[in-house]
Amino acid sequence: MKNIYYIISFIICAGFIFTSCDDSTIELDPIGDTEAGFFQTEDQMTQAVLGVYQKVTFFYTFRGGQNNFLQGIWQLPSDDLTTEANHAYEFFSGLNGNNGQLNNFYRFSYQLISRANTLLEKIEENGTIAYENQPELRDYHRGEALFLRSWMYFRLWNTYGTAPLVKERIVALENAFPPNSQGTELLDQAINDLEEAAQLLPEIWDDANSGRVTRNSALGFRGKILVFRGTVAGDNTDFISAIQDFDAMNGVSLTANYGDNFNAAMENNEESLFEFQANNQSSMNNAFLDNDSFAVVGDIGAYYGQFARRPTWIGNAVYSATPSLINEFDKEDPRINYIFDMEPGLVTNVVKYIKDGNWTDAPGGANGSSRNNPRILRYADVLLLKAEAIVRSGGNLSDAITIINQIRERARMSVENGIPSPEPADYSLSGMDDNTVLDWIFKERRMELACEEGHRWYDLRRRHMAGEIDLLTWDFDSKRIDLEFEDYHVNFPLPEIEVIENENMNQNAGY
């Protein structure tokens, strides 16, 4: 799948080119595909599905400038990573509705949702004729569209708190100005979509389609969102449902070695539930091209230059692990060697995805572009969320601790010399209370998932919203001395232009 889906021109969102009309041009046949003639075969529907996946690219590439890449939106606000650069979502001061990265994040999110909604519409309209040879693909494609749309709802909720809930393709002007979602509506819809997706998606894809989402992907992700909603809503039934989803998963397991999850040679492995399929273009990656262009394909690698100061002119826009994150680990925890470069005083001290190189061919590699897939959802994440759901639902604490110890055992075994480490040691299975075990879970989540997909910020955010922690007094361990967190910063500002042009939409409080 990595080798094909980023080079597809996505017909759904193709713009129509208009020229002046006269007798010599008005009757000409269109050049290339049009919507009316597309979505007619399994191959065309598959191209449309891959076009939805293709939009994921936009969240992980360099985007051509020091402050253009988007990863900081979910990586920097927490106490795991810090930078001296002027990224307002790290130090919270100066955030407003004109922030370029946040506005791009919003725009790309709705472009992906639009592609998914268009595909869902076309499956409904043309499904009986388009899937004559492979009828099972109709369910698979619908499940993929629902999954990817749900992923976007989840990210929107964790970024803005509220954003329009768009469930259908917008084709009429009167529907083009949807209002803000309320409360957990974005999560509610994602949970509903994923319930259906889990019934539609295949258990596994063949090797040629490795990396496409499966039934396990939907179950694991639905369980995750249920735990998030249950945390902020205080609804015990969400935790029970999450445990049921996690228990329904089959054929997934932790890798034998922790480092296998960040090695390009071990992508889409037994622990993986959803990855961005980064790639090396057939000739070379160009990090300065927009990969939605028709004439060229821009960067299709994943950008990790923020950890390696690539390109060199990004200057101080380098993400460093905070001392508090490094100090969270026992000194002999083997995970340290897969996450950090412990050379004293080193600014580029995070090596999680770049330890083994895997840069794309120049100029992409020089710009921090890598073939190594960001692992968006891993089974380790799911296991720790299951432990959390057990505790929060009043389940057996020893069951939750056993899960934490499973993660810690894998960590101990992730050594290069074959001799298991004594650390991290197992936690005791008895004599503990709920709060202690929850503290263990969040400590383990911080270590296990460090510097990946914003797990730490999303966890801090939901716990603050639930009143479990107070980020007003939190030590973010930032290099920025001007960091100033206020309650309203749990939601970032919506694009000001959207608020101005949409009379049904309101800006988030505080902005």
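The values are calculated or read from the model by the stated rules, or taken from the named source; none is laboratory data. Predicted model only: the values in this text are computed from it and were never measured. All Cβ positions, glycine included, derive from the backbone under ideal geometry; neighbour counts span all protein chains shown.
How many residues, within region 192-250, are within 29 Å of H464 (Cβ to Cβ) and among the small types (G, A, S)?
If we filter region 192-250 for residues that are within 29 Å of H464 (Cβ to Cβ), which is where we start, we get 192-195, 217-246.
If we keep only those that are among the small types (G, A, S) as well, we get 217-218, 220, 223, 230, 233-234, 241-242.
Residues in region 192-250 being within 29 Å of H464 (Cβ to Cβ) and among the small types (G, A, S): 9 in total.
Taking the condition surrounded by fewer than 21 Cβ atoms within 10 Å (Cβ to Cβ) and either modelled with pLDDT of 95 or more or among the small types (G, A, S) (or both), does D482 pass?
Working: surrounded by fewer than 21 Cβ atoms within 10 Å (Cβ to Cβ): yes; either modelled with pLDDT of 95 or more or among the small types (G, A, S) (or both): no.
So D482 does not fit the description; no.
If a residue has to be under 15 Å from A248 (Cβ atoms) and buried (at least 20 other Cβ atoms within 10 Å of the Cβ) to count, how many in region 198-220 make the cut?
9
Inspect region 51-62 for any residue being closer than 17 Å to E124 by Cβ and at pLDDT 90 or above and give the result as yes or no.
Yes, the conditions are met somewhere in region 51-62.
Which of (1) among the charged types (D, E, K, R); (2) crowded, with 20+ Cβ neighbours inside 10 Å; (3) under 29 Å from I469 (Cα atoms); (4) within 20 Å of the chain's Cα centre (by Cα) is the odd one out, the single condition D188 does not satisfy?
Exception for D188: condition (2).
I'm told I469 meets every condition in (1) more than 30 Å from V166 (Cα to Cα); (2) of a type outside the set (D, E); (3) touching a Lys or Arg at 6+ places or on another chain (Cβ under 8 Å); (4) crowded, with 19+ Cβ neighbours inside 10 Å except one. Can you identify the failing condition by its number?
(4)
Could you list, in sequence order, all residues of region 430-445 that are in contact with a Ser or Thr (Cβ under 9 Å, 6 or more places away or on another chain) and within 13 Å of I390 (Cβ to Cβ)? First the steps, then the outcome.
Going through region 430-445, the residues in contact with a Ser or Thr (Cβ under 9 Å, 6 or more places away or on another chain) turn out to be 430, 432.
Listed by number, the list holds a single entry, M432.
Tell me the residue from V232, V166 that is of a type outside the set (D, E) and farther than 23 Å from Q111 by Cβ, please.
Working: V166 fails: farther than 23 Å from Q111 by Cβ.
So the residue among V232, V166 that is of a type outside the set (D, E) and farther than 23 Å from Q111 by Cβ is V232.
Only one of (1) closer than 30 Å to G65 by Cα; (2) surrounded by fewer than 19 Cβ atoms within 10 Å (Cβ to Cβ); (3) charged (D, E, K, R) is not met by D299, so which one is it?
(2)
Would you be able to tell me the number of residues in region 235-293 that are in a helix (DSSP H, G or I), crowded, with 19+ Cβ neighbours inside 10 Å and among the aliphatic types (A, V, I, L, M)?
Qualifying residue count, region 235-293: 2.
Those residues that are in contact with a Ser or Thr (Cβ under 8 Å, 6 or more places away or on another chain) and more than 18 Å from Y338 (Cα to Cα), I need them from region 235-267; list them, please.
Passing the criteria: N236, F239, I240, I243.
Between G305, G298, G315, G259, which is under 30 Å from E203 (Cα atoms) and small (G, A, S)? Can you show your working first?
Numbers: G305 fails: under 30 Å from E203 (Cα atoms); G298 fails: under 30 Å from E203 (Cα atoms); G315 fails: under 30 Å from E203 (Cα atoms).
Criteria check complete, one pass: G259.
Across region 334-357, which residue is surrounded by the most Cβ atoms within 10 Å (Cβ to Cβ) among those that are closer than 17 Å to S478 by Cβ and under 23 Å from the mean Cα position of the chain (by Cα)?
Here is the first cut: in region 334-357, the ones closer than 17 Å to S478 by Cβ are 347, 349-350.
Of the ones still in play, those that are also under 23 Å from the mean Cα position of the chain (by Cα) are 349-350.
Numbers: N349: 19, V350: 26.
The extreme case among them is V350.
Is it the case that F228 is among the hydrophobic types (A, V, I, L, M, F, W, C) and touching a strand residue (DSSP E or B) at 6+ places or on another chain (Cβ under 7 Å)?
Numbers: among the hydrophobic types (A, V, I, L, M, F, W, C): yes; touching a strand residue (DSSP E or B) at 6+ places or on another chain (Cβ under 7 Å): no.
For F228, the condition - among the hydrophobic types (A, V, I, L, M, F, W, C) and touching a strand residue (DSSP E or B) at 6+ places or on another chain (Cβ under 7 Å) - is not met.
Within region 323-337, which residues are touching a helix residue (DSSP H, G or I) at 6+ places or on another chain (Cβ under 7 Å), of a type in the set (D, E, K, R) and in a loop (DSSP other than H, G, I, E, B)?
The answer is E328, D333.
Residues are listed down the side, and each one gets a yes or a no for (1) closer than 27 Å to P424 by Cα; (2) polar (S, T, N, Q); (3) touching a Ser or Thr at 6+ places or on another chain (Cβ under 9 Å):
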site	(1), (2), (3)
Y303	no, no, yes
Q306	no, yes, yes
Y319	yes, no, yes
A362	no, no, no
S370	no, yes, yes
R392	yes, no, yes
L397	yes, no, yes
I403	yes, no, no
R412	yes, no, yes
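Anything in region 464-500 that is in a helix (DSSP H, G or I), among the acidic types (D, E) and in contact (Cβ under 8 Å) with a residue 24 or more places away in the chain? List them, or say none. Walk me through how you get there before you give the answer.
Taking region 464-500 as the starting set, the residues that turn out to be in a helix (DSSP H, G or I) are 464-465, 471-473, 487-490, 496-500.
When the remaining residues are screened for being among the acidic types (D, E), the result is 487, 496, 498.
Answer for region 464-500, where residues must be in a helix (DSSP H, G or I), among the acidic types (D, E) and in contact (Cβ under 8 Å) with a residue 24 or more places away in the chain: E496, E498.
The conditions are (1) within 24 Å of Q277 (Cβ to Cβ); (2) of a type in the set (K, R); (3) surrounded by fewer than 16 Cβ atoms within 10 Å (Cβ to Cβ), and K331 fails exactly one of them. Which is it?
Every listed condition holds for K331 apart from (1).
Across region 216-236, what is the number of residues that are among the polar types (S, T, N, Q) and more than 17 Å from the chain's Cα centre (by Cα)?
Going through region 216-236, the residues among the polar types (S, T, N, Q) turn out to be 216-217, 231, 236.
Still in the list and also more than 17 Å from the chain's Cα centre (by Cα): 231, 236.
Qualifying residue count for the region: 2.
Based on what the data block shows, is P202 touching a residue at least 12 places away in the same chain (Cβ under 8 Å) and within 28 Å of D247 (Cα to Cα)? Full working, then the answer.
Values: touching a residue at least 12 places away in the same chain (Cβ under 8 Å): yes; within 28 Å of D247 (Cα to Cα): yes.
Against the criterion (touching a residue at least 12 places away in the same chain (Cβ under 8 Å) and within 28 Å of D247 (Cα to Cα)), P202 qualifies.
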